1. Could I have the simple spin-label model distance between residue 74 and residue 110, label points 7 Å from Cα toward Cβ, reported in nm to one decimal?
2. When the helices in the chain are scored as -39500 (n - 2.57) per DSSP H run of 4 or longer and the sum is shared across all residues, what 222 nm value do you end up with, to the nearest 500 deg cm²/dmol?
3. Most exposed first by the Cβ proxy, i.e. fewest other Cβ within 10 Å, how do 165, 186 rank?
4. At a 10 Å Cβ-Cβ cut-off, how would you order 184, 43, fewest neighbours first?
5. Report the antiparallel proportion of the DSSP beta bridges in the chain as a percent, rounded to a multiple of 5.
6. Subtracting the Cα-Cα distance from 0.36 nm times the residue separation, let me have the gained length for residue 164 to residue 98 in nm, one decimal.
7. For Cα Rg over 2.2 N^0.38 Å, pick the label among (1) 1.02; (2) 1.11; (3) 1.15 that corresponds to the value derived from the coordinates.
8. What spacing in nm lies between the two simple spin-label points modelled at residue 193 and residue 231, each 7 Å away from Cα in the Cβ direction?
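Throughout, read-outs are computed from the coordinates displayed, never taken from laboratory work. Note that the structure is predicted; figures quoted are calculated from it, not measured. Neighbour counts run over all protein chains shown; Cβ positions are idealised from the backbone, glycine included.
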């Protein structure tokens, strides 16, 4: 990853904070953890600080290790030693590649014992990663620093058992910085890197859809830089952005990074995260409403020690700590009141849902509700044509977000045909009245 300082937009404040943590006078070995969702710029920020001349001058040796989800501790340690020796021009230890794990840890530890070292572990997923690498990095009171980037707060918390830890929660870009980054990427060869006046409205519409996520702005900016700068071309991209995410080579890195967050979930959280795709875009979901739906669906596995509600709250906390779910509002006691996911991650969720026939979204132009084996229905608009034909009688969950009372006939029809219904969410329809035996 090669980054020019002149290309960095929106990270000026976080960069200075990171410099402070790296260069402060404290002599104790310290972990600096940069935590947030995929695509927010954790690696970009950390690598910028790692490579800065004022940082490199303060350390005797450095190593930058890409961890990700597939690694061996042995491989990381060998890579680390190779980078140390390359930078310091020390000879590699003899038989390094043939050492057993214990000998390798001792070798690395001895090499670092009298040095002020800086190690950057990028993209850490394993919660107990600190246990795996702790003994190779001596606490020699020389001001050594370890940077980690991770999507999961649990990873950062686990380091606290044995290390002094500074956590940096990276935030989404402010709107003005999101616009600046977009213009830098798309109009870099224009005079003053400025957006032409005739494209400004549609450009700001596109930036708004990126929801201040740096990787999304960079990826979509890269796509637009290859397009002719005409209103017709850009409106087409804006209108079909969700479609472009699934098929355009310029956006592959964005969808891959966002998909990794889903792929890395344990099995019991995957159906739970899908529920965020059932709700409409930009919808702040009530915590209790969501967890009760998980329980009704049978997603929550409880035992005699905990109630289903307590387990469901733990599931939600884990999704928040994995930086997948954003807290929208907090109640008086500091508990989550409403939450949501980033709109671009929601697009990834919806694509996964379609692949697995998890839920069918009824749109205004839906001619009929014919959804094969899909067991869940999400109605966000009044599908006038769909009223004429309902061809599935096996829904487990029906969610209605349209406030139009004329949907009552459709809901009654769906309920009367759905013999395995577990969730009927018609909270938006305040005036609807269903007979007791409608869903019997």
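1. So the label points at residue 74 and residue 110 sit 2.0 nm apart.
2. Numbers: 18 runs with 185 residues, N = 440.
That comes out to -12500 deg cm²/dmol.
3. Values: 165 18, 186 27.
The fewest-first ordering by Cβ neighbours comes to 165, 186.
4. Details: 184 17, 43 21.
Exposure proxy ranking, most exposed first: 184, 43.
5. Working: 7 of 42 bridges.
The antiparallel proportion sits near 15 percent.
6. Values: separation 66, 0.36 × 66 = 23.76 nm, distance 3.30 nm.
Answer, rounded to one decimal: 20.5 nm.
7. The value matching this structure is (3).
8. Result for the modelled spin labels: 2.8 nm.
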